[in-house]
Amino acid sequence: MTQLYAIYGASGCGRSLMPVARQQLARDNDLSEIVFIDDALIEIAQINGHRAMNYAAFINESAEVKAVQIAIANSRVREKIAQRLEQDGIHLWSIQADNVVLMDQAKIAAGAALSPFVTIASNIQIGKCFHANLYSYVEHDCVIGDFVTFAPGVKCNGNIHIEDHAYIGAGAMIKQGTPDQPLVIGRGAVVGMGAVVTKSVPAGVTVVGNPARIVESK
Ligand code: UDP
């Protein structure tokens with residue numbers, strides 16, 4: 001059975017995740033090709049040694065099984081593309097770097113991208129298309145929703161719940177919750193780079209600083 005794998009997005013995120021995708025296939029002893037998909041491409045190109053094409057051209061490729069990692073940081077775009085892939089019968093592909101540490105009972109849904117030096121501790125639940133960028137960690141008993149994005153170096157401590165579409169900026173640190181009172185980062189909230197989050201963050205707001213405070217929209 002012929003299989004074709006793809007990294008969707010050939011910008012910064014995609015080009016950094018392609019080597020992770022190669023590690024994933026090598027571990028699976030799978031010699032299939034990995035291509036880039038990027039809708040900005042008009043014709044088939046070569047990017048960092050891989051064929052690159054738009055989605056229409058990918059659909060026309062003859063492989064029997066296709067699996068795609070959506071390597072685009074914007075979670076709304078990831079969701080839209082995930083819906084299209086599901087309609088077209090294409091699998092969401094999870095990839096992780098060779099040196100990722102996964103402890104006990106980490107349940108991670110399809111489409112995850114775990115970059116080099118990521119650690120996922122024990123008893124953790126993570127939704128669809130999670131991105132954990134370089135050196136991020138998720139400590140014990142966290143519950144993470146769908147389409148959540150961690151920039152590099154996010155420190156997500158124990159008993160934290162992060163709802164769908166939240167974005168956590170580079171180097172942000174989130175204080176641990178407790179089993180009966182988890183710290184909650186609400187749906188679609190944005191945590192700024194380097195923020196130190198000491199209490200729950202409501203849905204949809206942006207917080208920055210130490211201690212992190214809501215940025216009022218003008
Ligand atoms: N892109 C795409 N299809 C879409 C939306 C985005 O192929 O429906 C591509 C876009 O052309 C760009 C990449 O995804 O090359 C997103 O790159 P960007 O620099 O915005 O962000 P990154 O996620 O790489 O940080």
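Observations
- Only a single criterion out of (1) assigned to a loop (DSSP other than H, G, I, E, B); (2) open to solvent by 20 Å² or more (accessible area, probe 1.4 Å) is not satisfied by residue 125, namely (1).
- Within the stretch 5-97, helices (runs of 4 or more DSSP H) holding 2 or more residues that are open to solvent by 20 Å² or more (accessible area, probe 1.4 Å), more than 15 Å from the ligand (Cβ to nearest atom) and within 23 Å of residue 132 (Cβ to Cβ): 12-27
- Cβ-Cβ contacts under 7 Å between residues 6 or more apart (or on different chains), taken from a first residue in the stretch 184-207 that is on the phi > 0 side of the Ramachandran plot to a second residue that is open to solvent by less than 60 Å² (accessible area, probe 1.4 Å) and at pLDDT below 95, are absent.
- Residues satisfying the stated conditions in the stretch 135-156, i.e. part of a loop (DSSP other than H, G, I, E, B) and either of a type outside the set (A, V, I, L, M) or surrounded by fewer than 17 Cβ atoms within 10 Å (Cβ to Cβ) (or both): 135, 136, 139, 140, 141, 142, 145, 146, 147, 152, 153
The values are calculated or read from the model by the stated rules, or taken from the named source; none is laboratory data. For clarity, every value in this text was computed on a predicted model and none was experimentally measured. Reconstructed Cβ throughout: ideal geometry from the backbone, glycine too, with neighbour counts over all protein chains shown. What goes into the accessible areas is simple: the full protein's heavy atoms, side chains included, and nothing from ligands, DNA or RNA. Shrake-Rupley method; radii C 1.70, N 1.55, O 1.52, S 1.80 Å.
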